[in-house]
Amino acid sequence: MKNIKVLAFDMGGTKIASALVEISGGDYKILGYERNETPKTREDIIAKILELVESYRKKYTFKKIGFAVAGQVNKKGDTVVCAPNIASLNNFALGKIISRKTGLEVTLKNDIRAFAYGEDNFGKYKGYDDAVFIAVGTGVGGAIKMNGKFYFGKDNIAGEFGHMVIEVGGEQCNCGRKGCWERYVAGPGVEKMYEKVYGEKKGAKDIVFDAVRGDEKSRAIMEKASSYFAIGFANVVNILNPEIAVIGGSMVKEKRLLKLAMPFIKKEVLPSARKVKVVNSSLGDDAFLLGAALE
Ligand SMILES: [Zn+2]
């Protein structure tokens, strides 16, 4: 792998993480990490990014900027096509604008793809020829690697696992369909499930945290979410027959929760596909920044 120095951004609906990523040989360094809130308007987002670029420029030398964006990005990698959680960036040539204002080369990619690139190049389970990557956070995203190559689809959106329907006539999804997988396993869906059952509100992070620590109510909800996770997961594995599945994102940070899902997964996956290795992300949030920096 060639040596690179890239200012990397991981842009989500709530946070903008940034760092200078240095890659040389098979090693990497993440320098000057910063985490900021995502501003609401397009103008404020651009202003924040430019401010961060300037502050990194004072400390480091770099010629490229790479973005991992929580949404769909065009094939050229200069425009955000659709970002449900950062709606002010919908249909916006973010890459072009930042490039024009900074004079630097700028590329955008979908954040789950960045996560997959990071794991595939630097993770504990790197370099498998047939792999799927699934991230469960505010939504559910995925990336597919087949025969040693990532598969993007004609319009660059392959791997939207979160929007397969697993409950006919189920919960309304932002995408317009009902009963999508992410409505049952991602943060907002799990919060809704909790509220429906117990009539009280509780944040997804707290539900995950308390479930692991033995709170009965949270555990019951996470078990239900895990059984839904297994259904969608089995669909993916049964269709693609990967050798490995790398699972990441804020909802599965607590490793025991994937363990909760394993018995359900064993039942749902076709016997011939049960050899699939199911593993937790080994890089955590770094995977997104690393992937943003990679070509
Ligand atoms: Zn959907």
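Determine the equivalent ellipsoid of segment 106-199 by diagonalising the alpha-carbon gyration tensor, then write out the semi-axes as square roots of 5 times the eigenvalues, largest first, rounded to whole Å. The partial results should precede the final answer.
Working: eigenvalues 162, 43, 28 Å².
Square roots of five times the eigenvalues give 29, 15, 12 Å.
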- Unsatisfied cross-links (Cα-Cα over 26 Å) in the set LYS96/LYS154; LYS145/LYS253; LYS59/LYS253; LYS75/LYS149; LYS2/LYS64; LYS224/LYS266: LYS59/LYS253
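By how many nm would the segment from TYR60 to ASN241 lengthen if fully extended, with 0.36 nm per residue of separation less the alpha-carbon distance? Please list the in-between numbers first.
Details: separation 181, 0.36 × 181 = 65.16 nm, distance 4.33 nm.
Extending this stretch completely gives an extra 60.8 nm.
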- Query: What nm value, rounded to one decimal, do you get for the distance between ARG274 and ASN36 when each label is placed 7 Å out toward the C-beta?
  - Reply: 5.1 nm
- Query: Of TYR125, GLY103, VAL73, which is farthest along the charge dipole of segment 70-161 in the positive direction, counting Lys and Arg as +1 and Asp and Glu as -1 at C-beta?
  - Reply: GLY103
- Task: Starting with the fewest neighbours, write out LYS126, LYS76 ranked by other beta-carbon atoms found within 10 Å of each beta-carbon.
- Result: LYS76, LYS126
- In a solvent-free Debye calculation with one equal scatterer on each Cα, what is log10 I(q)/I(0) for segment 154-252 at q = 0.14, 0.18 Å⁻¹, listed in the order of the q values? -0.56, -0.88
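Segment 198-278: which trypsin sites (Lys or Arg not before Pro) are DSSP loop and have at most 15 other beta-carbon atoms within 10 angstrom?
LYS201, ARG213, LYS255, ARG274, LYS275
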- By Kyte-Doolittle mean hydropathy of at least -1.0 and Cα axial length of at least 15 Å, which whole DSSP H helices of the chain are selected? 42-59, 111-122, 187-198, 216-240, 256-268
- For segment 119-171, which GluC sites (Glu not before Pro) are in a loop by DSSP, counting at most 10 other Cβ atoms within 10 Å? none
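Using a Förster radius of 30 Å, what is the FRET efficiency between LEU50 and ASP130 based on their Cβ-Cβ separation? Nearest 0.05, please. Before the final figure, lay out each step's value.
On the way: r = 41 Å, r/R0 = 1.37.
E(calc), rounded to 0.05, equals 0.15.
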- Message: If you take every DSSP beta bridge fully contained in the chain, what fraction is antiparallel? Give it as a percent rounded to 5.
- Response: 60 percent
- Which whole-number percent is the relative contact order of the chain (Cα, under 8 Å, 6+ apart)? 18 percent
- Item | Contact order relative to length of segment 47-149, as percent, for alpha carbon pairs under 8 angstrom and 6 or more apart | 21 percent
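Under the √(5λ) rule applied to the eigenvalues of the Cα gyration tensor, what semi-axes describe the equivalent ellipsoid of the chain? Give them in Å, descending.
Values: eigenvalues 200, 95, 63 Å².
Largest first, the chain gives 32, 22, 18 Å.
Values in this text are rule-based calculations from the coordinates and carry no lab data. None of these values were measured; they are calculated from a predicted model. Because the Cβ atoms are built from the backbone with ideal geometry, glycine has one as well, and the counts that use them run over all protein chains shown.
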